[in-house]
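Read through the structure below, which is laid out as C-alpha cells, and then see the notes.
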C-alpha cells in the first residue's frame, strides 16, 4: 500500500512538473506585442441629457418642460454651437434623431444641442418657432457652462426641422418671435443648414401627382394643422388654403432681410414626401435678395434616411459651418 501511495505521488508530481514546464515553454514562445501610434484627431465628447431650456403651456398644462440633449466636445477653446432641430412631419419632435449627424458635428469641434419643441395639433405656428428661438437664447445665456462662443450659433434641421431652421434664419435680426426666458439674449443665428425642408406650405406637394396635391389641401394635412390648429382644440377648420394670411406668415420667405445669414440647402431627387422644389423656391428667394445661399441636389436620396449620414453629405455640411465659424 505504501509503495502504491508513493508511486501515485511521484506520478502526480511528474504531471505537475510537465504542466509547469509546458507553461514556461509557452510563455517563452509568446510573440512580441505590437506597437500602435495614435494621432489625436477627435476630441472626447460629453453627452448632457435632458437639459430643460424652457417651460411652456401645452395641452392644458401651464408648465411643460422642453428639453435638449447637448453633445459637448472636451476642449479649452470656446466653440461654435449648432442647434439641431429634428423633423417629424409637424406632429413629432424626437430629439434622439440622427445621432450620427450630431456626433460627426461634435467630432468636428461643435457643441450640438438637439431640441424637442411643441408640435401640432395642440400647438400651432409660431409656438414651435418660439421654442427654437428660446433654445438659442438659452445656449447663449449658458455659453460659459457649455464652453460656447455665443456669437457663433448655427441651426441645422431636416424636413419640419429644416423648415424651422429656415424660419430661425430668416427671422434673425428681429424680436418678433422671442417669447419666454432669457430675453436679455437675442436669438440671431449666423448660419443655416436646411435639409429637405418645407418653405411655401401651400405648395408642399407641387412636384407630385394631382392626387397627392389634392391630399395636401385636406384639413387633415399636417401643414394645415400646423398653421390652423385643430378645431377640437380651438383652431380653424379647413386646409392650408383656408387662411392665406396665416399661411404666408408661416413661410420663411416672408421674412428674408439683410439680417438673414448664409444658407446651405440640400434635397434628395427621390423625395416623395416634400417636393424638392420647396428648397429651390427658398434658394431662389434668398439669392434674389442678395443672401448667400448654396443648394445641392443629392442623387438617389429620399426624404431622410441613410443618404443623409454619409461622409459626402456630412463633409458638405461641416465645410459650410467651418467656412462661417472657423
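No value in this document is a laboratory result; all are computed from the given coordinates. In this text, all values refer to a predicted model and were calculated from it rather than measured experimentally. Neighbour counts run over all protein chains shown; Cβ positions are idealised from the backbone, glycine included.
Equivalent-ellipsoid semi-axes (√(5λ), Cα gyration tensor) for the chain, whole Å, largest first? Don't jump to the answer; show the numbers that get you there.
On the way: eigenvalues 584, 108, 95 Å².
Whole-Å semi-axes of the equivalent ellipsoid: 54, 23, 22.
Mind jotting down the three principal axis lengths of the stretch 127-230 based on Cα atoms? Whole angstrom, largest first.
Projected onto its principal axes, the Cα set of the stretch 127-230 covers 52, 26, 21 Å.
For the chain, what is the mean residue ellipticity at 222 nm derived from helices alone (per DSSP H run of n ≥ 4: -39500 (n - 2.57); sum divided by total residues; nearest 500 deg cm²/dmol)?
-10500 deg cm²/dmol
Out of all DSSP beta bridges in the chain, what portion is antiparallel? Express it as a percent rounded to 5.
So the antiparallel bridges amount to about 35 percent of the total.
Over 18 Å apart: what share of the alpha carbon pairs of the stretch 43-128 falls there, rounded to a whole percent? Write down the numbers at each step before the final one.
Working: 1694 of 3655 pairs.
So the pairs more than 18 Å apart make up 46 percent of the total in the stretch 43-128.
If one takes the longest principal axis of the Cα atoms in the chain, at what angle in degrees, from 0 to 90 and to the nearest 10, does the Cα axis of helix 160-170 lie?
The helix 160-170 is inclined about 60 degrees to the chain.
Students often check this: by mean Cβ neighbours within 10 Å, which of 84-92, 228-236 ranks highest, and how do the rest follow?
Values: 84-92: 22.3, 228-236: 15.4.
The most tightly packed comes first, giving 84-92, 228-236.
For the chain, take the longest principal axis of its alpha carbons; what is the angle in degrees between that and the long axis of helix 311-325, to the nearest 10 within 0 to 90?
70
Taking the mean number of other Cβ atoms within 10 Å as a proxy for protection, how do you rank 142-154, 49-61 from highest to lowest? The partial results should precede the final answer.
Numbers: 142-154: 18.5, 49-61: 14.4.
Descending packing order for the listed peptides: 142-154, 49-61.
List the relative contact order of the chain as a percent without decimals, with contacts defined as Cα pairs under 8 Å and 6+ residues apart.
Numbers: 636 pairs, mean separation 47.2, N = 326.
After rounding, I find 14 percent.
Against the longest principal axis of the chain, how steep is helix 127-141, in degrees 0 to 90 to the nearest 10, with axes from Cα atoms?
The helix 127-141 is inclined about 60 degrees to the chain.
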